[in-house]
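The values are calculated or read from the model by the stated rules, or taken from the named source; none is laboratory data. Given the structure is predicted, the values throughout are model-derived calculations rather than measurements. With ideal geometry, Cβ positions are generated from the backbone for all residues, glycine too; neighbour counts draw on all protein chains shown. Just so you know, the surface numbers come from the protein's heavy atoms only, side chains and all, with ligands and any DNA or RNA stripped out. Shrake-Rupley method; radii C 1.70, N 1.55, O 1.52, S 1.80 Å.
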Amino acid sequence: MIKRSLGERVFNVVNIILLIILSLVTLYPFLYVVFASFSNPLEFIKHDGALLSPTGFSLAAYQKVFEKSEIWIGYGNTIFYVVAGTLISMILTITLGYGLSKKDLKFSKPIMLMVFITMYFGGGLLPTYMVVRNLDLLDTRWAILLPTAINTFNLIIMKTAFQGVPESVEEAAIIDGASGIRLLVSIVLPLVKPTIAVLVLYYASSMWNSWFQAAIYLRDNTLYPLQMYLRDILITNEQTDMMQGTDSAERQALSSVIKYATIMVSIVPMLFVYPFLQKYFAKGVMVGAVKG
C-alpha cells in the first residue's frame, strides 16, 4: 500500500466533505419537488422552511394531473418526438460524421468550416421561422424534428470517434469484400458504441425537454409535447379544469402541489433512462477530448 502524507490525507478528507455538501445541495431541490408532490395540499400550504419529508402523504395532485387528458396527449407526442427525432438525428450525425472523418473526402475542409461556423453564428429566430414557414412545416410534427436535427457539437464528437477507428480494420473489411454500408454498420459502428450511446442520450434528453420550438411553430395543441402543457401549468397557471368541484381554499392549496406533481410526471421517464447509459459516459464523452 502507498503511504500517503499528512497533507494528502487532509486534502482527501476536505475534498470528500466538500463533495458531500455539494451533492446534498444539488440533490435537495429534487427531493423538495418529490416530497411536495406527495404532500397533503392543505398541510403543505401551511408549511414553512425546509421540507425533509411529505407533509401528510397524499396522491391528490397526481390524481388531478392524470385526469387531465392533455397530459396523456402530451406524453404520446413527446414519446413520438423523442423516438423519431433521436432516430433522425443519429442517422444524420453518423452518416455526416463518418464521411467527414475520411481523409480522402473531397472538400472536407470547406465542409467542416461551414459546420464550425454554425457553432458560433446562427440565422436568428425570424429567418429560421421564415424558412420553416416557406417549407410548409408550420403546425406539423416535422417542424419539431427537422430544424434542430443535427447538433454541431455532437457531430464533432461523432467524427472524432470515427477517426479513432484504426484504418487497418477498415482496410481488412474492404479486402474481404465489404461494401461501404456494410463496413459502417457491421465494423465501424460497434467500435464506437459508447459514443453512440452518449449521443443518443444527449439527443433524447434535449428532445424530451424541448418546448420552445413547439411554442413557435405549433398552433394545434393536439401536437404539443408534454413540456408545453407543463409550461402552461407552471407559468400561465392553467389549472382551472384540474380543480373542478373544489372550494377556493382547497383549490389554492391543490394548485401549488399540482405544479410539483406535474414536474415529477415529466422527468421520471428520463430518470429511468440515465442509469442504463451511464456506463458509456466516461469512455464516450472523453473521445472528443483525446483527439480533435
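Taking the range 1-56 as the range and being at pLDDT below 85, within 26 Å of residue 263 (Cβ to Cβ) and open to solvent by 100 Å² or more (accessible area, probe 1.4 Å) as the test, the residues that pass are 46, 48, 52.
Which of the residues that make up the range 68-95 are open to solvent by 60 Å² or more (accessible area, probe 1.4 Å), at pLDDT 85 or above and either more than 17 Å from residue 143 (Cα to Cα) or touching a His at 6+ places or on another chain (Cβ under 6 Å) (or both)? The answer is 72, 73, 91, 95.
Taken over the range 174-216, the criterion of being more than 30 Å from residue 78 (Cβ to Cβ) and in contact (Cβ under 8 Å) with a residue 24 or more places away in the chain is satisfied by 184, 188, 191. Scanning the range 96-110 for residues that are within 19 Å of residue 196 (Cα to Cα) and either in contact (Cβ under 8 Å) with a residue 12 or more places away in the chain or open to solvent by less than 30 Å² (accessible area, probe 1.4 Å) (or both) yields a total of 6. Among the candidates 32, 62, the residue that is more than 30 Å from residue 141 (Cα to Cα) and of a type outside the set (A, V, I, L, M, F, W, C) is uniquely 32.
Selection of the range 179-227 for residues being more than 21 Å from the chain's Cα centre (by Cα), part of a helix (DSSP H, G or I) and of a type outside the set (S, T, N, Q) yields 180, 181, 182, 183, 184, 185, 187, 188, 189, 190, 191.
On the stretch given as the range 58-92, residues that are of a type in the set (Lys, Arg) and in a helix (DSSP H, G or I) total 1. All conditions in (1) out of contact with any helix residue (DSSP H, G or I) (no Cβ under 9 Å at 6 or more places or on another chain); (2) in a loop (DSSP other than H, G, I, E, B) hold for residue 50, with the sole exception of (1). Close contacts from the range 115-131, counting a first residue that is surrounded by 12 or more Cβ atoms within 10 Å (Cβ to Cβ) and a second that is of a type in the set (Val, Ile, Thr), with Cβ to Cβ under 7 Å and a gap of 6+ residues or different chains, come to 115/152; 118/152; 119/152; 129/216.
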